[in-house]
Each structure stands twice: as structure tokens, then as C-alpha cells.
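Beneath this line is the structure, given in C-alpha cells, with notes to follow.
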Amino acid sequence: MTKYIFVTGGVTSSLGKGIISASLAKLLQARGYRVTIQKFDPYINIDPGTLNPYEHGECYVTEDGAETDLDLGHYERFLNVPTTQANNITTGRIYQNVINREREGAYLGKTVQVVPHITDEIKRNMRLLGESGEYDIVITELGGTVGDIESLPYIEAVRQFKWEAGSNNAIVIHLTLVPFLAAAGELKTKPTQHSVKMLLEYGIQPDILVCRTEHHLSQDLRKKIALFCNVNINAVIESADAKTIYDVPLLMLKEQLDRTVLSKLKLPLKNEPDLESWKEFLGHLKNPTSEIKIGLVGKYVELPDAYKSITEAFIHAGAYNECKVRVECIHSEGLTEDNVKAKLGNLDGVLVAPGFGARGIEGKIAAIKFIRENNIPFFGICLGMQCAVIEFGRNVLGLKNAHSTEMDENTADAVISMMEEQKKITSKGGTMRLGAYTCELKKGTKAHHIYGKTKISERHRHRYEFNNEYLAAYEKAGMIASGVNPDNNLVEIIELKNHPYFVAAQFHPELKSTVANPHPLFVKFVAASIEHSKKKI
Ligand code: GLN
């Protein structure tokens, strides 16, 4: 029978529920359990695909093409197990299902209400992955903070779930804050007490408290929290600030979070967690033998969460190369042909980021021209690849009007144009080309060398594509399509023949980079940037 762990948050947002959930899952997985994590988000959008990155950070895309919360990225990076649409549910989706069923007549004669109909639908979704038989333990992270109006139906659903499943089959871990008051020189437990009281008001007694803190929790303080919040002292877990999120599983191991969880769920400890390769990764991460500076050119750079998977993929690839990768965010709107040398000249490599719309596009194109002409390693992702195609069209092929029809619908040289299948689509939610598609690599190309095989599968999120009418001219001039979708001939990877490292992808390799499997495109780009940095010296 599947066991369920719910993770709630109290006091404030941004305490790192996603990382705690992923770390606990990692420890349980390392003990031999089959674990998955799902996230329930209390907003009304059906999925975060229609949210601006400024609102909600990066939109993470799964193999099956779901546009999801960026926490799913952490789950995959920690566990190395793919997630699906079922791993991310929003209030919008819950209501949509219930309302659709009401229209079908499924509730004949009944008043459709938050309790029981919405809470039943939430519980049905909470159980879905567990019922697949693929997992021993399902961890459910509830977005938002206890006490938020919009979180209420979820908290009520957890109360019912816990009661129905029994205390050995479903437990609640509550993440809270124990702040340090500098003036008093003390850690304060009151916010934790209040947030647990609030959970109690809703009928939930948390089983374990994970306390975020900037200082160590003394035994006395743990005792006090245990006493006021009705938990055992070994269920008060300290979660101190960590240097890297990848330290958190080891910190939780030290606090015996996994042992406490397993004992509450009446599950055997099995083997001690096998974390050898995780520790090896951390060893490389913390003891680099070289250092490089990579420019990340994008328009959402004010918010680091907007490029979460990219910055994490650099951490994996850096550790693999035993190199500290410093990522410098560069705003594409501020770049022009006149200042690119000053802004990019010292970098060891440049990544031009994905994105939508015209803002900052000319800055990206100016950056790519400089990189191409000065032999600096280049990595383009999605819009980054499209910009490389536009730049090459304008400055090498002499197509003055080379552009994407996303930016200029009537351009004379639409080197990037809307995919045929997209032309009839008018609504925005979930309608891009999404999820995993296969791609064939041309033998002997850089892409082939990077992957070491000819057939790959990568995840997508776009509407526009390389216009194949121009392909022959591009290839003749030295920009080749080294990766192509075998079913519809969409260009997936371009590269330059006469450049030390100039590779760009229409897909999003960052979404598949994990601690266990750093992505080859990031690994090789970092390696090329290390080479470039040596040459500079
Ligand atoms: N805006 C571009 C497209 O829709 C690129 C998308 C992206 O970078 N994810 O094709």
C-alpha cells in the first residue's frame, strides 16, 4: 500500500518546501523506496504556462508536455526520475474538472460545493500517482502558506485524507520559520507555535516540524517547540541555511528526517541511504580546479528563478568538469553593437536564453554577432537558437530583413516562422509544441560528438521554427542543421562549422539535466569555455 507524506508551509513563503520535499524524497529513494513528489498550487490558472516568468519563475516542462511549477525541476534534478502532468495540479484544474462534470450532469440534483465536491476532487488527484502502483511513497507539497484563503480547500482535503487513511499511512510535515531576533540575541519559537495552532484550528496535527533557521536549534529550544506543538522532540527537525541546495539531503540525513518519517509510517529502514554518487558530486562541486565566467543573456535576468533550470544545469556541468561556473546575468535590452565588446569581451562563454516577444531581441542578436566573430563559445536555447539563425541570415547571408515572424509578421525574410500546426491555433494555454520529441543527429557533427549517439529525445516549448526554405543557403555558408526531427524535418540543432564552439538547440536541454545525469550540451559547452579561458591567458 502506498504511503503519503504531505508538506505544508507556515509563517512565510520562500522557506524552501520544494527543496525539503526533494531532499526527503532523495533520502527515501537512497534507502531503496520508490518515491515521487507532486505539487498542488492554489492559483486559478490551469497551469503556469500562461504566467509571466516575473510572476512565477520558470515554467518547467515535463516529458509528456505539461507546463508546470519550477519545483518539479528540483524533484527531477534530485531524484533523476521524470515527472508528468499528474505531478502538478492547480486550483484551476480542480475547478475545471468539477465544473466539466457538473455540465455533464454527474452531480444530478445536488448543489456542487467546495466541501465535499472540490475537496473530493483534490483527494482524488492526491491519490492518482499512488494508485498507479509505481510508488511506495508519494510526497505531496502544498503551495502557499497555511492561513491563505486560497489554500483552505487543500488543507481541508489533507485533514480528510489523513483521517481516512489512518495515522500510519499519511503524515504531515509542516515547514516553519524560527527567526533570530538580533536585538534580543535569541531565536524565537512563537511564529512556529502560531502557525501550528492555525493548522490545529483546521483539524490537522502536524507529525513533524521542519524549522528553517539561521542558527542552530538548542536541545532546550527543540524541547520547547515539541511541548507547545504536541510533537516528539525527534520530530523537531532543524533546517539551517545551506551553502548549496544539494547539501540539504545530507543535512536532513543528519537530522534523521528520513528515519523519523519511516518510523511514523511504520515502514522498515531498509539499507542505510546509498548517497555515494551524490557525495562525489558534492565533492566535485566544492573543490573545483578551475573557474570560468559564463554570460547568460536574457530579458528576465532581474529574477534568477526565471532561468532556474539553466543555472542548475550549469552547476551539474560545472561539477562534472570540476570547474566553478560563475553565471553572470546580462540584460539583453541593454546590449548594442557599440557596447557588446565591453560587456561580453571578457567572458569565457555566452548562453543566449529562451524567451518570448520582441523585447531585448536586438540585444541578443548583437551579442551573437560579437560572439560568432570573436570565436567565443556560444550556446543558444530556443529563442537563443532562433536569434543565432536571424543573426547569421542578416550578417553572413546578407538577408537584411532576416527575422522571426514572432517579432515581424510581414518580414521579407522569415528565416524563423510559425510552425504549420500552430497557424490555426488561437488560444494560448497549453497549445505550444510541448514535451519530448525525437531528434536525429548527423554523423560527424559537433552535436553527434557531444551526445555520442545519433538518436536523442529532448523537451520543447515553442511555436516558431527554422524555415527550411532557407536551409540549403545556410548550410552552404557554414551554419548546418546537425539535429533534425525525423518525422517532420524540423531543425532541432544548428551549429557553425568554422567556429570553436557554436551550438544552439530549438529544444530545452536544461530541463533534462540532473545531478546523476548532467546534460551533455551543458557539459561540453562548459568544457569548451574552459578551453577558451585557457587560451585567453
Ligand atoms: N518565442 C519562441 C517560440 O515560441 C521561443 C520560445 C522559447 O524560447 N521557449 O518559438
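The values are calculated or read from the model by the stated rules, or taken from the named source; none is laboratory data. Everything numeric in this text was worked out from a predicted model, so none of it was measured. Positions of Cβ are generated from backbone atoms using ideal geometry, with glycine treated the same way; all protein chains shown enter the neighbour counts.
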Handout entry: Which listed residue is away from the ligand (no atom under 15 Å from the Cβ), over 25 Å from the mean Cα position of the chain (by Cα) and crowded, with 17+ Cβ neighbours inside 10 Å, from I371, I416, I390
Key = I371
Handout entry: Wholly enclosed strands (runs of 3 or more DSSP E) of segment 336-450 bearing at least 1 residues among the hydrophobic types (A, V, I, L, M, F, W, C) and touching an Asp or Glu at 6+ places or on another chain (Cβ under 9 Å)
Key = 378-381, 402-404, 413-418, 433-441
Fill in the blank from the handout: Among (1) surrounded by fewer than 17 Cβ atoms within 10 Å (Cβ to Cβ); (2) under 16 Å from N467 (Cβ atoms); (3) within 16 Å of the ligand (Cβ to nearest atom), L383 falls short only on (1)
Handout entry: Checking G429 against (1) under 27 Å from the mean Cα position of the chain (by Cα); (2) away from the ligand (no atom under 14 Å from the Cβ); (3) at pLDDT 95 or above; (4) among the small types (G, A, S), the condition it does not meet
Key = (3)
Problem - Those residues of segment 479-508 which are crowded, with 22+ Cβ neighbours inside 10 Å, of a type in the set (S, T, N, Q) and not in a strand (DSSP E or B), in sequence order - result: Q506
Exercise for the section: Please identify the pairs in which a residue from segment 420-443 that is among the basic types (K, R) has its Cβ atom under 6 Å from the Cβ atom of a residue that is within 14 Å of the ligand (Cβ to nearest atom), counting only partners at least 6 apart or on another chain. Expected result: K428/T50; R433/H460; R433/H462
Exercise for the section: Would you please name the residue that is farthest from A306 (Cα to Cα), looking only at residues in segment 337-359 that are among the hydrophobic types (A, V, I, L, M, F, W, C) and away from the ligand (no atom under 12 Å from the Cβ)? Expected result: A342
Problem - Meets criteria (away from the ligand (no atom under 16 Å from the Cβ), surrounded by fewer than 17 Cβ atoms within 10 Å (Cβ to Cβ), basic (K, R) and over 18 Å from G380 (Cβ atoms)) for K423 - result: no
Exercise for the section: Could you give me the residue pairs with C-beta distances under 6 Å whose first residue belongs to segment 377-395 and is over 13 Å from L296 (Cβ atoms) and of a type in the set (S, T, N, Q), whose second residue is in a helix (DSSP H, G or I) and away from the ligand (no atom under 15 Å from the Cβ) wherever it lies, and which are 6+ apart or on separate chains? Expected result: N395/K369
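Quick grid of which residues meet (1) surrounded by 24 or more Cβ atoms within 10 Å (Cβ to Cβ); (2) in contact with a Pro (Cβ under 9 Å, 6 or more places away or on another chain):
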residue	(1), (2)
F314	yes, no
A319	yes, yes
T336	no, no
L344	no, no
G360	no, no
A367	yes, no
G398	no, no
Problem - Qualifying positions in segment 454-494 - among the β-branched types (V, I, T) and either touching a Lys or Arg at 6+ places or on another chain (Cβ under 7 Å) or without any contact (Cβ under 8 Å) to a residue 12 or more places away in the chain (or both) - result: T454, I480
Practice task
Output the number of the condition that E328 fails; it satisfies all remaining conditions of (1) under 27 Å from the mean Cα position of the chain (by Cα); (2) closer than 27 Å to R459 by Cα; (3) away from the ligand (no atom under 16 Å from the Cβ); (4) crowded, with 18+ Cβ neighbours inside 10 Å.
Solution key: (4)
Handout entry: Conditions (1) polar (S, T, N, Q); (2) assigned to a strand (DSSP E or B); (3) modelled with pLDDT under 95: number failed by S457
Key = (3)
Completion exercise
Per the list (1) of a type in the set (D, E); (2) at pLDDT below 95; (3) buried (at least 19 other Cβ atoms within 10 Å of the Cβ), residue check on D258 breaks on (2)
Problem - Candidates E280, E291 - the one that is free of Cβ contacts under 8 Å to residues at least 12 places away in the same chain, under 30 Å from I381 (Cα atoms) and outside any loop (DSSP other than H, G, I, E, B) - result: E280
Completion exercise
Among (1) aliphatic (A, V, I, L, M); (2) exposed (fewer than 13 other Cβ atoms within 10 Å of the Cβ); (3) within 18 Å of I137 (Cβ to Cβ), A182 falls short only on (3)
Exercise for the section: Filter segment 180-228 for residues that are of a type in the set (A, V, I, L, M), farther than 27 Å from P249 by Cβ and not in a loop (DSSP other than H, G, I, E, B) and give the result. Expected result: L181, M198, L200, L227
Problem - Positions within segment 229-244 being surrounded by 15 or more Cβ atoms within 10 Å (Cβ to Cβ) and not in a loop (DSSP other than H, G, I, E, B), in sequence order - result: C229, N234, A235, V236, I237, E238, S239, A240
Fill in the blank from the handout: Scanning segment 443-478 residue by residue, those surrounded by 21 or more Cβ atoms within 10 Å (Cβ to Cβ) and out of contact with any helix residue (DSSP H, G or I) (no Cβ under 9 Å at 6 or more places or on another chain) turn out to be H460
Problem - Elements of type helices (runs of 4 or more DSSP H) in segment 1-101, at least 3 residues being surrounded by 23 or more Cβ atoms within 10 Å (Cβ to Cβ) - result: 17-30, 71-79
Completion exercise
The residue that is surrounded by the fewest Cβ atoms within 10 Å (Cβ to Cβ), considering only those in segment 132-173 that are part of a loop (DSSP other than H, G, I, E, B) and charged (D, E, K, R), is E134
